[in-house]
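Enquirer: Pasting a structure here, questions to come.
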Amino acid sequence: MIIPTEPIGSIPRPAYLIDALSDRASGRITEEALKELSRRALKETVTALEQTGSPVISDGEQTKPSFATYPIHGAQNLSAGGVVIPFKDGHTRQLPVLASGPFKYQRYADDYLREARLLSSRPVKQAVISASAMSLLYPSDGIPNYSREQFVNDLLSEAEKDIRRCLDSGAYNVQIDFTEARLAIKLDPSKSLLKMFIDLNNQLLGRFTVQERKRIGIHSCPGGDHDSTHSADVDYGDLLPELFQLEAGNFYLTFAGEKDKTSVLKQIKSSLKTGQRVFLGVTDVLNPRIETPEEVSSLLVQAATYIPIDQLGSCDDCGFSPFADDRSTAREIAFSKIKARVLGTQLAASKL
Ligand SMILES: [Zn+2]
């Protein structure tokens, strides 16, 4: 019996790369100098990920500005002042707002995938941002001569292209980052916003065949920036039945950081459909303490009493640094946690 195990995506960038990003922003170094350091960080990250023994790796998102903004980075038709995401520790992140149409991605995620695949013979997974997160860019008071309907059409085409290019470029699988799912319940307890997000994401998933959707997954978490969350106070039980309505093959869910694990497992058991696989987070990315393989194994053994083993996998609770400038977690801690995940998952498989 093998239990599949996968990363979520991001690994903390090395200090020299974070410094170089701010040096580039203030014009102290050239674009070429930044590229050189980015290439070095990517190579070091892929090598270190391979050394953890992880059967599936990512590019560590070393060259993404953030998990959410990579497709719009550098776009000329954006203004400041979009949706604000407040985190528990008091800090915020703010999205830009679309000032004029048409909406177009500046960059597709297969760029990152192809770079990583050149450096490793391991299967490489690619994370992409959800259509629902990008839908937050359209201003509530509209845009002259560019209706919300036109925007949604453009958005779905671009998000489809983003995923399809990754599938066609040899991604082991593609993960849609849907961190705003739990946040949506906090912003709108009636769940209308969440249902709108799920409907939009299902419109996107409907553009792929059943076979393709087996390689497409959804990541949901309460947020993980500067070791702080945006929606951990929202009851997971309110989200899970809705989440599994998504027509995706794989679900990558925060689990290690959840307090009431038994009730989470019961909810997953009653919501999981045939043909869907749930990858449970077995490492808490917000806590610097490194899990032991035994701890990881016992989480999975417990999970297997609720979830059929052929529908079970493991992952980290979230990316380790979804935003490029996040220095809250040391790289060595991230790699040690991944190693514990890999060993602990093998241990659980040997027991089950
Ligand atoms: Zn996450």
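The values are calculated or read from the model by the stated rules, or taken from the named source; none is laboratory data. Computed from a predicted structure; not experimentally measured. A quick note on method: Cβ atoms are made from the backbone with ideal geometry, for glycine too, and the neighbour counts reach across all protein chains shown. Side chains are part of the model used for accessible areas, which takes the heavy atoms of the whole protein and leaves out ligands, DNA and RNA. Shrake-Rupley method; radii C 1.70, N 1.55, O 1.52, S 1.80 Å.
Enquirer: For the range 122-165 and the range 280-335, what is the centre-to-centre distance using only Cα atoms, to the nearest Å?
Expert: Value for the Cα centre distance between the two parts: 29 Å.
Enquirer: Using a probe radius of 1.4 Å on heavy atoms only, what accessible surface per residue do you get for the chain? Whole Å² is fine.
Expert: That works out to 41 Å² per residue.
Enquirer: Sum up the charges of everything whose Cβ sits under 13 Å from the Cβ of Asp59, counting Lys and Arg as +1 and Asp and Glu as -1, but leave Asp59 out.
Expert: +2
Enquirer: Considering only C-alpha atoms, what is the centroid distance from the range 253-270 to the range 1-31, in Å?
Expert: After rounding, the separation between the Cα centres reads 30 Å.
Enquirer: Rounded to the nearest 5, what is the percent of antiparallel bridges among the DSSP beta bridges in the chain?
Expert: 25 percent
Enquirer: Please state, as a whole number in µm²/s, the translational diffusion coefficient that the Stokes-Einstein equation yields for the chain at 10 °C and 1.306 mPa s, with Rh defined as the Kirkwood radius across alpha carbon pairs.
Expert: Here the translational diffusion coefficient equals 78 µm²/s.
Enquirer: Cα to Cα, under 19 Å, and not fewer than 8 places away if on the same chain: which lysines meet these conditions relative to Lys351?
Expert: Lys339
Enquirer: For the range 190-255, give the magnitude of the charge dipole about the Cα centre (Cβ charges: +1 Lys/Arg, -1 Asp/Glu; no others), in debye to the nearest 20.
Expert: 440 debye
Enquirer: Moving to a separate point now. Give the carbon-plus-sulfur fraction of the accessible surface of the range 248-320 in %, rounded to a whole number; probe 1.4 Å, heavy atoms of protein chains only.
Expert: That fraction is 52 percent.
Enquirer: Return an integer: the convex hull volume of the alpha-carbon atoms of the range 119-267, in Å³ per residue.
Expert: 149 Å³
Enquirer: Which order, highest average first, do 182-192, 278-288, 161-171 follow once you tally other Cβ atoms within 10 Å for each residue and take the mean per peptide?
Expert: Ranked from most to least packed, the peptides come out as 278-288, 161-171, 182-192.
Enquirer: Now for a different question. For the range 20-167, which whole percent of the accessible surface, found with a 1.4 angstrom probe, sits on carbon and sulfur atoms?
Expert: Taking all protein chains in place, the range 20-167 shows 50 percent carbon and sulfur surface.
Enquirer: Of all trypsin sites (Lys or Arg not before Pro) in the range 254-287, which ones are in loop regions per DSSP and have a Cβ with at most 12 other Cβ atoms within 10 Å?
Expert: Lys259, Lys273
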